[in-house]
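S.K.: Structure provided below as structure tokens; questions to follow.
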Amino acid sequence: QVQLVESGGGLVQPGGSLRLSCAASGSIFSVDTMGWYRQIPGKERELVALIAKSGNTNFADSVKGRFTISRDDAKKTVYLQTTSLEPEDTAVYYCNARVRAIWMSVSNDYWGQGTQVTVSS
């Protein structure tokens, strides 16, 4: 099995920062693209940021200049550093990773359970 476990969410005041982490574990052969999505109740899940194995990154326009994404391949972990948080950033943040399990010949997408980020004064 492959699992993604997120941590780092919480309540923060506007203008504050949070660092989200997501660690992949299990019977993993390789990890390709990793990323973060977020979802507000009643709305579709949206992309926040992606990071390829090469280190190339992609961000939603709404978070450019405020969020950064990084990865530690030795730890199979992706990080999302958020700064200048706004109430509009309030959502459940989900980790996603394209993983090839050791018993598979192709990669599949896996999701974490989600971590709540609430930006409020």
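The values are calculated or read from the model by the stated rules, or taken from the named source; none is laboratory data. In this text, all values refer to a predicted model and were calculated from it rather than measured experimentally. Here the Cβ is made from the backbone with ideal geometry for all residues, glycine too, and neighbour counts use every protein chain on show. Areas reflect the complete protein model, heavy atoms only, side chains present, ligands, DNA and RNA absent. Shrake-Rupley method; radii C 1.70, N 1.55, O 1.52, S 1.80 Å.
S.K.: Just checking, does segment 35-43 include any residue being polar (S, T, N, Q), within 13 Å of GLY114 (Cα to Cα) and open to solvent by 20 Å² or more (accessible area, probe 1.4 Å)?
M.R.: yes
S.K.: Moving to a separate point now. So, in segment 27-52, exactly how many residues are within 12 Å of the chain's Cα centre (by Cα) and of a type in the set (A, V, I, L, M, F, W, C)?
M.R.: The qualifying residues number 7.
Table: residues versus (1) closer than 25 Å to VAL106 by Cα; (2) touching a residue at least 60 places away in the same chain (Cβ under 8 Å); (3) not basic (Lys, Arg).
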| site | (1), (2), (3) |
| --- | --- |
| VAL5 | yes, yes, yes |
| GLY35 | yes, yes, yes |
| PRO41 | no, no, yes |
| LEU47 | yes, no, yes |
| LEU50 | yes, no, yes |
| ASN56 | yes, no, yes |
| GLY65 | no, no, yes |
| LYS75 | yes, no, no |
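S.K.: LYS75 passes all but one of (1) open to solvent by less than 40 Å² (accessible area, probe 1.4 Å); (2) not in a strand (DSSP E or B); which number fails?
M.R.: Here LYS75 meets the rest and fails (1).
S.K.: Given the options ALA97, ALA91, name the one that is at pLDDT 95 or above and under 18 Å from THR118 (Cα atoms). Before the answer, list the steps.
M.R.: Details: ALA97 fails: under 18 Å from THR118 (Cα atoms).
Just a single option satisfies the conditions, and that option is ALA91.
S.K.: Specify the residue that is most open to solvent (accessible area, probe 1.4 Å); the eligible residues are those in segment 78-96 that are closer than 26 Å to PHE29 by Cα and touching a Ser or Thr at 6+ places or on another chain (Cβ under 7 Å). Step through it out loud before you land on a result.
M.R.: Going residue by residue through segment 78-96, those that are closer than 26 Å to PHE29 by Cα are 78-80, 93-96.
Right, trim to touching a Ser or Thr at 6+ places or on another chain (Cβ under 7 Å) and you get 79, 93.
On the way: TYR79: 36, TYR93: 2 Å².
By that ranking, first place goes to TYR79.
S.K.: May I pose another question? Name, by its number, the condition in (1) open to solvent by 70 Å² or more (accessible area, probe 1.4 Å); (2) among the aliphatic types (A, V, I, L, M); (3) in contact with a helix residue (DSSP H, G or I) (Cβ under 8 Å, 6 or more places away or on another chain) that does not hold for LEU11.
M.R.: Only one criterion in (1) open to solvent by 70 Å² or more (accessible area, probe 1.4 Å); (2) among the aliphatic types (A, V, I, L, M); (3) in contact with a helix residue (DSSP H, G or I) (Cβ under 8 Å, 6 or more places away or on another chain) is unmet by LEU11, namely (3).
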